[in-house]
Every structure is written in structure tokens, then in C-alpha cells.
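Since the structure comes first, as C-alpha cells, the remarks are kept for the end.
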């Protein structure tokens, strides 16, 4: 694995001085920070498997309809060497990752990077060419996986001649775990009349109804493909808030894609970055940020000491690339930061852009995002459990 | 304005959707995928039911008119002479209406079959439905079964009423041969089987092509080709009989049983060995009676022969044909379900 020598960087490196780094990013756009009720539930990075000896029973595990916290270590999605080839070429190639249950995961990448293909594979709308995939511990398309997964596709298709009430009735008729109250709440919060025909609604209202249909299903895994593209900022904010609140209350795993990180960075605690059909970054947001640092390079001063680190990208002076942002050298930490100058954890955006601009840098799959046979993990962790 | 606070506490389970009572329309009480299929296609279903009723009413009314005339005719005691020329108006109506009914299966294939799944694939609603909790196989099966059931019901009713209209004229009008496609395809089990076949072909075409309009056009073509093949071969389902006379080559033609329909190339000449010579035999000597007789004798002709299909075979032939159509239908349905299960989206 290409990332092996950096694998544990996130854990070994002492946290850079910037402190609770999530707030630095959020604070810069004050007021936009959403309530993150689940922040406190973050499991310590990796190594929590050993405390959960029963995690390999995820396939037989059926949470109740009400709130429920997934045991750390249960995978919502697990992909092994996943690939999909269309006639025009590979859309996704050799993708292996694991999305722990209970996370809100952003799936970010440029247009055409393979985001929709990945979501199609998870929802069994696309058949993989290579590799294997488990959704909530079951095969995609199996009854268990289908019942517990809700999917909102990019086009948000709805029956145009149905009324809003008909559409919610559809959810009621086709889903055993349907929650009419939640669905109607989402619809009525946008003042969408229940008697209106879908075809007469605006794009934003239609998205809201599609959201209601997805939430009303009470899924354990909610997959949203570019959900916000046609919403005004206010509605976008409100639905994102609904999303986080829902996910927090019910322990729902959310996989939400966007080509705009700005849409996602305040709601995600997990990140998957795809580019050119391959996975570039995967892991907990904090884990990923802590594994990197932006070493400031003062104008005319000595270059920062880069020795144990891997340079991801050298960011020039402000405006050099025609965009705002801090200057410096973005590195993946290979040890403690010895350089005495200012070193700050990168923002999510800096990290993302760095990886997207430098396709030659090996991908970073954080330990918590590494797929593996759960039995292997248990066996590997066994000695530690004994000694501890 | 939007309110950012939402009541997100899980509501009491099994809250019945409001729509159920508030705006319940006239229609069947259904649940699950059946509700969805009915709701989605209810306009088409009601149209089909409505048109069927209109057709039934029209046929009952036309038959009533015809029966009045027929009863008046019978009362006047001219029953044995067959039908008078002015009765042709009524037989023509029967024949014309029957020809229109012949297009019903084609229309069903094009307007119900082709868009059934192509519409969902085109608009993306197939994705919507398959991302709910029901399996796509169950959804497809319900969709096919409900539509096919309604089609079978409607065509069966139309066929039965048409048969009822035709039955008083059976054997009384020479122009209304039972082998004509109007009666052979319009009565008994054939209209049902034929409609189910065209419907399933339309569904399969729509599923493969994924575009409503294109698949409607292609379905029209495929169903047209099917009907050409059917017209060519449907009488081969019968067992052609031969009526013979042994009164010599110049003798009269054999009389056929009631309602039997002559087949083949005219009347044949029968030789003593049982061979049938076609009507062109000794045609060159036709004008000279003596030479003609001599010519026929030289060929050992002992009588005349006519091929025919008796009406007693109609039933068997119709069921045989319907069975063939239903077998093809079943094969197409299996294809649709297998394809739909694996690569619908």
C-alpha cells in the first residue's frame, strides 16, 4: 500500500499548536458554523476495535427505528478494489476504503471524478466491474441493504403528476420504516402545499420533497448525490441543519457528495476525496488535517525545514494562483514539526486543493478508512487487548 | 419564510397518510406497489376501462338494431333464403367494427406496453422507486401483472361481446367467413392472447430502448411484423379437409359442409389414384367439350375435389394459436424480468 509509511502519522504527530482545529476553519466564517452535536462522540482515531469484540456481527445487527449509536468499528460501507469500467473507460479504479458507521462523510471531487459512479455502486444501480462492496455489512441490492439505505440521486426524480401527498404516500407504501411525521415536517417547513402537483413546484421545492422522501425512510445510510445544487443559500443552510440533526439523533451514516467543498465542510466529520477515478484522501476530517501542516514560508526568509515530511504542494504568495489563501508549503507530516517557524494545520479546502493539484502525491487513506477483514483486525488487536 | 426549527422527534408509528381520506378518488383500495402502479398509470387504466365500456355499449346497441331487423326477417318467413341484400348494412357494421377491434392489441402494445417501463427509465422515476425498500423485481412484477390483468379483462369482455354480436349471423351470411381475421382474431381466446403478446413485446422494447417515443415506434413496427406473420400462418393451424365427387371431370363440385371455408387454389381434378390436379389441367381444351373430356380421361380424372376448413376446427385452431401467443408472451416476460432484475438502471 502506497501510504504505509505515512499511515500512522495522524496518531504519532503531536497536535500542532493551533488547537481545536475545527473551530479555526469555522470561525473564519463566523455564524455559518452549524451545531455539531456529534463532535463529542468522535472515537479516538483508530484502535477502538479492540473494545468492541462484537463488531463482526454487523450483518446480523438490526438497530431499532429510534435513536441508536453504532458501535465504533462497524462499517457502513466497505469497498475492496472496487472498479467500474464503462465503454468510454474506467470511471472508478481500484478503490478500497471503509466508511465507519455513524459518520457524516463528504464525498468530494471534481466533476466526472467518479462520485456518482461510487454512489451508484453503493445503491446497486451500477454493477461493479471489479472488486467487492459491502453496504451495512450486506451485499448491495440485498433486502437488508436496500431497506436501510436511502438515496437521493442528482436528478432527484419524482413522479411529476403526483401531488406532494401522493409522493409521501409512495414513501409510506414502499418503506416499512416510514416516518410520516418527519417527512411532512420537512415538506411543511418549506411551505410546500401537500396538494400541489410535483410538476408545478419550483426546483428547490422539488428538492425538498425529495429530501422528505429520503428522510422519511428512516435510513441507516443516507446517500445524497449533489443534493444542494439547485437550492438558495437559506434553504441549503436549513436542509443541512436538518441533515445533521437527523444524523445525530438517529446515528445515521450520511454520504453526501459535492464538487464544492464549501457546501460540506461544516457538516462533515469524515471525508472521501476522489479524482480521476481514484481515491486521493480518506479519513476523519480531524485525522486528515492533523496529519498535515502548512509550513509558513516567510517572504525572503529561509525555506522551512522539510526533512521528514512529504511535500504536497508549495503554495505561492497570495494572488499567485489567482485565489485567496495562505501561503506556505503543505506537507504530510512524517514526524514532529521541528521547524521553529509558524506551522498550522491546513484548512480542509487547502488540503483538498493540494491533493487535487498534485496527482503524483500518493493517496492518504487514514487508518480508520482502511478496509480489512474484520477478523484480521480483531486478531491484530488481540495482544494489545490482553496487555491492556 | 422558512423556519429553521423542525420537529424531528419520531412520530407515532403507522401514521396514515392524510391523502388517503382527504382526496381519495374513485378507484380501488390498494397498498404497496399495487397502489403505486395504479396511481402512476391510473389515467391510462381509466382510459382503457372507459373505452372498453364505450365499445361494449356500442356493440350492444348495434346488435340490438341488427336483432330487430333479423327478427322481423324471421317473422316474415324468408329464413331459408339467406339474408336479403338490404341486410348488408348490418353485416357491414359488424365487419367494420370487428376490423377496428383488430387494432386494439396493436394500440395496447404501443400505448400501454412501450411506455410502461421506458417512461420510468426516461424520467428517472425507476431510480426513485428502486431506491425505496421494495425489490425491483417485485415492482416490475406488480407493474406487469396489473396492466396485463386489466388488458386481459378488457379484451376478454370486448371479445365476448363481439362474439355475442356475431353469433346470430353465423352461417347465415356468406360474406362473414369464420376464417377472416375479423372473426378468427376477434373472438374466443385469441384477442386476449394477442393483446398480451403485443403488450409484453412493447414492454420489452421499451425496457431495452429506454426511450418512450422511440420504443413506441419500434413496437409498432415489431407488432406489425408479428401480425403479418400471424396472418400468413394462422390458417395452417387447421387440418385441411378434402371433399370429393366421383362424377367425372366435368361433373359438379362437391358440396361443402355448413360454414366450411374453401382453401387452396380453386377446385381440383381428382384422379383414380387419389391425386389432385390443379384447375389449369386441360385448360387449353376448355372450349371443346369433347377434347376436354378426352384430355381429362387421358389423365385418369374421375371426379372433382375441394379443400376446405370446417367450422368445427375453429375452436381448436383458436386455442392452438392463443397457446402459441401466450408461450411467446411468457418467454418475453421472463426476458423482461431477468433483464430488469440485473440491468434495469
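The values are calculated or read from the model by the stated rules, or taken from the named source; none is laboratory data. Everything numeric here is computed off the predicted structure, so don't read it as measured data. In this analysis, Cβ positions are derived from the backbone assuming ideal geometry, glycine residues included, and neighbour counts consider all displayed protein chains.
Descriptive notes on the structure:
- Meets criteria (at pLDDT below 95 and at the interface with chain A (Cβ under 8 Å from one of its Cβ atoms)) for residue B:28: no
- Output for segment B:262-273, where each listed residue is within 17 Å of residue B:251 (Cβ to Cβ) and at pLDDT below 80: B:266
- Among the candidates B:165, B:178, residue that is farther than 30 Å from residue B:271 by Cβ and touching a strand residue (DSSP E or B) at 6+ places or on another chain (Cβ under 9 Å): B:178
- Hits in segment B:242-261 - residues which are in contact with a strand residue (DSSP E or B) (Cβ under 9 Å, 6 or more places away or on another chain), more than 22 Å from residue B:297 (Cβ to Cβ) and in a loop (DSSP other than H, G, I, E, B): B:255, B:256, B:257, B:260
The rows are residues; the columns are (1) more than 14 Å from every other protein chain (Cβ to nearest Cβ); (2) part of a strand (DSSP E or B).
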{"residue": "A:111", "(1), (2)": "yes, no"}
{"residue": "A:117", "(1), (2)": "no, no"}
{"residue": "A:131", "(1), (2)": "yes, yes"}
{"residue": "A:140", "(1), (2)": "no, no"}
{"residue": "A:151", "(1), (2)": "no, yes"}
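- Screening residue A:161 against (1) more than 9 Å from chain B (Cβ to nearest Cβ); (2) surrounded by fewer than 22 Cβ atoms within 10 Å (Cβ to Cβ); (3) at pLDDT 90 or above leaves a single unmet condition, (1).
- Residue within segment B:49-69 that is part of a helix (DSSP H, G or I) and at pLDDT below 80 present: no
- Residue B:292 outside the structural domain of residue B:144 (by TED's automatic domain parsing), over 30 Å from residue B:135 (Cα atoms), touching a helix residue (DSSP H, G or I) at 6+ places or on another chain (Cβ under 6 Å) and modelled with pLDDT under 85: yes
- Options A:212, A:293, A:248: the member that is farther than 30 Å from residue A:197 by Cβ and surrounded by 21 or more Cβ atoms within 10 Å (Cβ to Cβ): A:293
- All of (1) part of a loop (DSSP other than H, G, I, E, B); (2) in contact with a strand residue (DSSP E or B) (Cβ under 7 Å, 6 or more places away or on another chain) hold for residue B:264 with one exception: (1).
- Just one residue in the set B:94, B:112, B:101, B:121 is within 30 Å of the chain's Cα centre (by Cα), within 27 Å of residue A:178 (Cα to Cα), in the same structural domain as residue B:336 (by TED's automatic domain parsing) and crowded, with 18+ Cβ neighbours inside 10 Å; that residue is B:121.
- From the list A:346, A:342, the lone residue that is surrounded by 14 or more Cβ atoms within 10 Å (Cβ to Cβ), more than 17 Å from residue A:272 (Cβ to Cβ) and at pLDDT 80 or above is A:346.
- Under the condition of being out of contact with any helix residue (DSSP H, G or I) (no Cβ under 7 Å at 6 or more places or on another chain) and either away from every other protein chain (no Cβ under 14 Å) or over 20 Å from residue B:215 (Cα atoms) (or both), the residues counted in segment B:109-134 number 3.
- Pairs linking a residue in segment A:254-265 that is outside the structural domain of residue A:240 (by TED's automatic domain parsing) to a residue that is assigned to a helix (DSSP H, G or I) and modelled with pLDDT of 90 or more, with Cβ atoms under 7 Å and 6 or more positions apart or on different chains, do not occur.
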